[in-house]
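A.B. asks: One structure, as structure tokens, below. Some questions next.
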Amino acid sequence: MGRVYLARDGLLSREVALKVLDDRHAENPEFVERFRREAKAAASLSHPNIVSVYDAGEDDETPYIAMEHVPGGTLKDRLQDRGTLPSRVAAGVTFEVANALAAAHEKGIVHRDIKPDNVLVTDQGHAKVGDFGIARAATATAITKTDLILGSVRYLSPEQAKGEEVGPRSDLYSLGVVLYEMLTGRVPFDEENPIATAMK
């Protein structure tokens with residue numbers, strides 16, 4: 001949905017990650033709204049295990065989000081490089097992501113897309129949750145056909161896959177899948193096509 005650049009904040013003299021909505025999505029009001037929702041959701045959260053948002057706005061009608069730059073890469077990068085993680089490391093990552101989710105849930109925000117790609121790992125090995133692009137208020141009950149395809153099918157909770165109401169437990173299910181992958185090097189359900197995976 002967006003491209004992320006390493007940029008420099010000239011005013012505060014620090015590196016930031018600058019997320020810009022893809023040109024192909026900039027004309028689609030649904031994607032623009034989803035991008036704005038990400039900025040709003042993330043900016044309302046302040047927690048050491050959540051990527052901080054510094055600023056959001058539009059430049060020449062192109063939406064952007066300026067956020068904390070987390071050197072170290074994603075959990076997905078680590079898993080691709082190492083296969084599995086030692087159980088102590090996996091437990092530590094899970095604990096920190098769970099703390100981040102608890103902070104979001106206390107604010108009434110459900111992430112809805114917890115996966116290794118959306119967990120950044122600092123150089124010191126600490127986890128930070130990012131990408132609240134499809135986050136929703138926990139009280140939101142409206143489900144549309146478009147909502148059914150949101151999220152990554154291998155990490156979707158059963159209620160997400162069925163198009164049912166999504167809540168904090170959905171994020172915890174997805175975190176459980178991530179923990180499983182950290183320990184085993186694979187996800188529990190991975191069929192040849194996304195529909196078969198969701199059915200599992």
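The values are calculated or read from the model by the stated rules, or taken from the named source; none is laboratory data. Being a predicted model, the structure only gives us computed values, none of them experimental. Backbone-built Cβ (ideal geometry, glycine too); neighbour counts: all protein chains shown. Only protein heavy atoms, including side chains, enter the accessible area calculation; ligands, DNA and RNA are left aside. Shrake-Rupley method; radii C 1.70, N 1.55, O 1.52, S 1.80 Å.
A.B. asks: Using only protein heavy atoms and a 1.4 Å probe, report how much of Ser152 is accessible, in Å² to the nearest 10.
C.D. replies: 30
A.B. asks: What's the magnitude of the charge dipole for region 1-91 around its Cα centre, counting Lys and Arg as +1 and Asp and Glu as -1 at the beta-carbon? Answer in Debye, nearest 20. It would help to have the intermediate numbers written out before the result.
C.D. replies: On the way: 13 positive and 16 negative charges, 139 e Å.
About 660 debye.
A.B. asks: Using the per-residue mean of other Cβ atoms lying within 10 Å as a proxy for protection, in what order, highest first, do the peptides 160-166, 99-105 fall? If you can, show how the numbers build up before the last one.
C.D. replies: On the way: 160-166: 17.3, 99-105: 19.4.
Top to bottom by mean Cβ count within 10 Å: 99-105, 160-166.
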